[in-house]
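Asks: Below you'll find the structure I mean.
The values are calculated or read from the model by the stated rules, or taken from the named source; none is laboratory data. Quantities reported herein were computed from a predicted structural model and do not represent experimental measurements. Here the Cβ is made from the backbone with ideal geometry for all residues, glycine too, and neighbour counts use every protein chain on show.
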Amino acid sequence: MGIRTIIVILLIVLAAYLIRPRLRRGKPRPADSADKTMSPASLVQCEYCHTYIPLTSAVRKDGGYYCANGHRAD
């Protein structure tokens, strides 16, 4: 291989190294595309069956959270 071929290969590798991070900026990463509206703080545990449910769909009675009306102690 001639010196000219080696220089061309090195320039191509250098260009790829410099351009690659700029191409990645436009693509969302898996962690960035995750739904961040649901945080662990907005989940509550059912007092009856101990499963975690969103706070918005929980039934509250006497300071406790329940996943269904049937699980509420009446």
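Asks: Would it be correct to say that Met1 is in contact with a Pro (Cβ under 9 Å, 6 or more places away or on another chain), in a loop (DSSP other than H, G, I, E, B) and at pLDDT below 70? Working first, answer last.
Replies: Working: in contact with a Pro (Cβ under 9 Å, 6 or more places away or on another chain): no; in a loop (DSSP other than H, G, I, E, B): yes; at pLDDT below 70: yes.
In short, no.
Asks: Look at Ile7 and say whether it is part of a strand (DSSP E or B), surrounded by 10 or more Cβ atoms within 10 Å (Cβ to Cβ) and at pLDDT 85 or above.
Replies: On the way: part of a strand (DSSP E or B): no; surrounded by 10 or more Cβ atoms within 10 Å (Cβ to Cβ): yes; at pLDDT 85 or above: yes.
In short, no.
Asks: Hey, could you check the range 16-60 for residues that are within 18 Å of the chain's Cα centre (by Cα) and part of a helix (DSSP H, G or I) and say which is modelled with the highest pLDDT? Quick ask: steps written out before the conclusion?
Replies: The first filter runs over the range 16-60 and keeps only residues within 18 Å of the chain's Cα centre (by Cα), leaving 24-43, 54.
Still in the list and also part of a helix (DSSP H, G or I): 24, 40-42.
Details: Arg24: 69, Pro40: 63, Ala41: 68, Ser42: 85.
The qualifying residue modelled with the highest pLDDT is Ser42.
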